[in-house]
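Asks: Here it is, the structure in full.
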Amino acid sequence: MDMLMIVFRTSLKDRVHELLRVCDVKAYTEFPEIVGTGQSGASQGPSFYAGGNSVIYVSLEPIQRDKVADAVKAWCAEAQHSGWIKPAIRIFAWPCTQLI
């Protein structure tokens, strides 16, 4: 099993939730409105520009993990081919073991 950490612009929340639904992810933990700084600059609280980030943690078996990663990669590729700005989303994974 792997733990995924999905970090994304809060403005993309509906699309991220839709991708998880399509990938049959039914349980996750979400931290809305996270503050930080990264490659695309600072992410700070609510403002006119939806610059805040959110984080979703979800533990998945490898097949479902890959399904989620492939769906996000396809979305990013679609955005680039359609002339959109690449969606501000990152996925990180590490091994995880449920103890209780």
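Asks: Return a yes/no flag: does region 41-57 have any residue that is over 12 Å from Leu12 (Cβ atoms) and either at pLDDT 75 or above or among the acidic types (Asp, Glu) (or both).
Replies: The answer is yes, given that some residue of region 41-57 is over 12 Å from Leu12 (Cβ atoms) and either at pLDDT 75 or above or among the acidic types (Asp, Glu) (or both).
Asks: Would you pick out the residues in region 18-36 that are out of contact with any Gly (no Cβ under 8 Å at 6 or more places or on another chain) and open to solvent by less than 80 Å² (accessible area, probe 1.4 Å)?
Replies: Glu18, Leu19, Leu20, Cys23, Val25, Ala27, Thr29, Glu30, Gly36
Asks: Still on this model: Looking at region 1-17 only, could you name the residues that are among the aliphatic types (A, V, I, L, M), at pLDDT 95 or above, surrounded by 14 or more Cβ atoms within 10 Å (Cβ to Cβ) and not in a strand (DSSP E or B)?
Replies: Val16
The values are calculated or read from the model by the stated rules, or taken from the named source; none is laboratory data. All of these numbers come straight from a predicted model, not from anything done at the bench. Here Cβ is always computed from backbone atoms with ideal geometry, including for glycine, and neighbour counts include all displayed protein chains. In case anyone asks, the SASA skips ligands and DNA or RNA and just uses the protein heavy atoms, side chains included. Shrake-Rupley method; radii C 1.70, N 1.55, O 1.52, S 1.80 Å.
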